[in-house]
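Novice: Below you will find the structure I want to go over with you.
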Amino acid sequence: MKTLKLGIAGLGHVGCGLVDLVQRQDSLRLPGKVEIAGITARNRSRNRPVNVEDYKWFDDAARLAADDSVNVFVELIGGSDGPAKVAVETALKSGKAVITANKALIAMHGQELAELAREQGVDLLFEAAVAGGVPVVRVLRDSLAGVDVRRVTGILNGTCNFLTTEMLATRRTYESVLAEAQRLGYAESDPTLDVSGMDAAHKAAILAAIAFSADLDFSKVSVRGVEGVELLDLDLADRLGLRIKLIAEGKITSDGVVCRVEPYALPVNHPLARVNGSLNTIRIEGDPLGAVTLTGPGAGPGPTASAVMGDVAKLFNPIARPAFGRADHHDVRKFVMAEPDEKSAYFVRVRLRDRAGSLAELTEALADAGVSVDKLLQDSADDDGAAPIAIVTHICSRREIGIARERLESLESNIGTPQIMAIEASAD
C-alpha cells in the first residue's frame, strides 16, 4: 500500500481539520495511507482541538518543505507572499508535490508557481483555494476539459451572500447583519477582504485562468464589493423583481479574458438569485454542455479540509498535469480590462430632494447620457426630505452608464451617492 507523508504548514481551523481527517482516515475512501511527517505553525503552544504532540515540529515552514521525510507539502499558512510563498517554492524546487488552500498566493503568483511545478514534473493542487467543499477546480480543469467554456459566473464569497440575503429577509441594516455574521463565524473580525470583493476576486481569477487557458494577471481583475449596498437598494430591487448579489464573472471576449467582481441585480428566476445564506455557487457555460451549476459550502474548516484531503487522494496516482490545465498547444490568452462598449441593462437607485422638477431633472440627465428608462419606482420622501427612486434602464453601454453616474451625482436635487448595478440577463 502506498503511503503519502505530509508536511503541514499552518494549524489554524483548516490545518486542524486536516489533521483530524488524517487521524480518522480509516473512515474515508482513500486509496492508500496518509501519515504526517512534520508540522509547523506560528505558535507551537497554542491550544488546539486536535492532538499534535506526537508529530515532529519544525520552527520554519521552508525547512519543513525541504525535509526528506516529506513527500507532499501542504501549505495552509495564508497570505500572497512571505513564508507561504517561500515554503511553496522550496517544496516545488525540492521535487515535492504541493497542495494549498491559499487563494491569494495562487491568484497573485500561480502562473510562476505552475511553471516551476511543470519544470520539476510535480503537481501543484489548489482545490481548497476556491469555493471550499465545492469541487469546481477539478470539475473545470478535468471533468469539463471537453467543453469550450465561454463564461463562468458565481457567488464565491459566503460572507457577502449572507449579508445581502439576511438584510433583505430581516429588514436590518448592513452594520447589524455584518455584526451577526461575525458572531456566527461567517465573517472575520476584520471583514475587509470579504466585503471589499477581494476574496471573491482571487477565486474568480483562478477559475478564469483555468476555464480559458489564460495567463493569470490579477492586475486586470476589476473589483467592487458590497460595502455600499444598503437595505434600501435591496428592497427597491426586490420590488422590481431583482435580487442583489455579489457576482464573480470570467468570460472570453475577442480581446481576451475579462474577469470582474461586483454587485449585480439578478432576475428572481435566475439560478444564482435563488442561492441564499453562506453557500457558494458556480455556473459554467459552454459548448456543447450548455450550463451546469455547482453549489455547496464555500468556507469553514470542514469543507476546506475535505477539499485538501481530496487533493491528497489524487496524489496516490499523480499525473503532474499542468496546474491550470493548459497544454502546450493551447493558444495563450491574456487577461484584459472590460471594454467600455459592453452592454447591459442597469439598476439605478438615487435619492432626490422632494421638490417639483426633481424627477424631470433625473430623466433628462439619463437621456443626455444616452440612457433610457424601462421601469421606474418612486417612494415617498423620508424624514430628511429625500425621495428614493429606483430605475431599470434599457440596454446601454458601460461608457454611457458611467456618464450617467457623473451627471446624476452633479444634480442639485441629488442626495448622497447613486447606486448603479448591471442587471444579469435571465438564464434558462
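The values are calculated or read from the model by the stated rules, or taken from the named source; none is laboratory data. Here the structure is a predicted model, which is why all the values come from computation and not from measurement. We place every Cβ from the backbone using ideal geometry, glycine too, and count neighbours over all the protein chains shown.
Novice: Taking E339 as meeting all but one of (1) surrounded by 14 or more Cβ atoms within 10 Å (Cβ to Cβ); (2) in contact with a strand residue (DSSP E or B) (Cβ under 6 Å, 6 or more places away or on another chain); (3) in contact (Cβ under 8 Å) with a residue 40 or more places away in the chain; (4) under 17 Å from R399 (Cα atoms), write down the number of the exception.
Specialist: (2)
Novice: Of the residues V149, V136, V98, only one is within 28 Å of G197 (Cβ to Cβ) and without any contact (Cβ under 8 Å) to a residue 40 or more places away in the chain; which? Break it down into steps so the answer makes sense when it comes.
Specialist: On the way: V149 fails: without any contact (Cβ under 8 Å) to a residue 40 or more places away in the chain; V136 fails: without any contact (Cβ under 8 Å) to a residue 40 or more places away in the chain.
The match here is V98.
Novice: Just checking: which of the helices (runs of 4 or more DSSP H) contained wholly in the stretch 107-204 hold 2 or more residues that are within 12 Å of the chain's Cα centre (by Cα) and closer than 28 Å to V257 by Cα? Break it down into steps so the answer makes sense when it comes.
Specialist: On the way: elements: 158-170, 174-184, 192-195.
Filter on the stretch 107-204 gives 158-170, 192-195.
Novice: OK, next. Considering only residues that are assigned to a strand (DSSP E or B) and either within 16 Å of L18 (Cα to Cα) or under 31 Å from the mean Cα position of the chain (by Cα) (or both), which ones fall in the stretch 29-73? Give the derivation first.
Specialist: Taking the stretch 29-73 as the starting set, the residues that turn out to be assigned to a strand (DSSP E or B) are 33-40, 57, 72-73.
Within the stretch 29-73, K33, V34, E35, I36, A37, G38, I39, T40, V72, F73 qualify.
Novice: Of all residues in the stretch 410-426, which are in contact with a Pro (Cβ under 6 Å, 6 or more places away or on another chain) and either farther than 16 Å from K343 by Cβ or crowded, with 17+ Cβ neighbours inside 10 Å (or both)? Working first, answer last.
Specialist: Our first condition is that a residue be in contact with a Pro (Cβ under 6 Å, 6 or more places away or on another chain); within the stretch 410-426, this holds for 421, 426.
Matches in the stretch 410-426: M421 only.
Novice: So F212 fits all but one of (1) surrounded by fewer than 23 Cβ atoms within 10 Å (Cβ to Cβ); (2) of a type in the set (F, W, Y); (3) farther than 26 Å from Q378 by Cα; what number is the exception?
Specialist: (1)
Novice: Let me ask something else. If the requirement is being buried (at least 18 other Cβ atoms within 10 Å of the Cβ), modelled with pLDDT of 95 or more, assigned to a helix (DSSP H, G or I) and not basic (K, R), which of these qualifies: L234, L246? So that I can check it myself, show each step before the final result.
Specialist: Details: L246 fails: assigned to a helix (DSSP H, G or I).
Selected residue: L234, the only one of L234, L246 that is buried (at least 18 other Cβ atoms within 10 Å of the Cβ), modelled with pLDDT of 95 or more, assigned to a helix (DSSP H, G or I) and not basic (K, R).
Novice: Quick check on my filter: what residues within the stretch 374-419 are among the β-branched types (V, I, T) and more than 11 Å from A345 (Cβ to Cβ)?
Specialist: Hits for the stretch 374-419 are I389, I403, I415, T417.
Novice: Could you please find all residues in the stretch 383-398 being touching a residue at least 12 places away in the same chain (Cβ under 8 Å) and either over 26 Å from A273 (Cα atoms) or surrounded by 19 or more Cβ atoms within 10 Å (Cβ to Cβ) (or both)?
Specialist: Initial filter on the stretch 383-398 (touching a residue at least 12 places away in the same chain (Cβ under 8 Å)): 384-398.
Those that are touching a residue at least 12 places away in the same chain (Cβ under 8 Å) and either over 26 Å from A273 (Cα atoms) or surrounded by 19 or more Cβ atoms within 10 Å (Cβ to Cβ) (or both): D384, G385, A386, A387, P388, I389, A390, I391, V392, T393, C396.
Novice: Would you point out which residue out of E89, E115 is without any contact (Cβ under 8 Å) to a residue 24 or more places away in the chain, of a type in the set (D, E) and under 27 Å from G250 (Cβ atoms)?
Specialist: Values: E89 fails: without any contact (Cβ under 8 Å) to a residue 24 or more places away in the chain.
Exactly one of E89, E115 is without any contact (Cβ under 8 Å) to a residue 24 or more places away in the chain, of a type in the set (D, E) and under 27 Å from G250 (Cβ atoms), namely E115.
Novice: Something else about it: More than 27 Å from the chain's Cα centre (by Cα) and of a type in the set (G, A, S) - does that describe any residue in the stretch 347-356?
Specialist: Within the stretch 347-356, the subset more than 27 Å from the chain's Cα centre (by Cα) is 350-356.
Then drop every residue that is not of a type in the set (G, A, S), which leaves 356.
Yes.
Novice: Assess whether Y264 counts as being modelled with pLDDT of 85 or more, aromatic (F, W, Y), over 30 Å from L76 (Cβ atoms) and under 17 Å from the mean Cα position of the chain (by Cα). Before you say what the answer is, go through the steps one by one.
Specialist: Details: modelled with pLDDT of 85 or more: yes; aromatic (F, W, Y): yes; over 30 Å from L76 (Cβ atoms): yes; under 17 Å from the mean Cα position of the chain (by Cα): yes.
The answer is yes for Y264.
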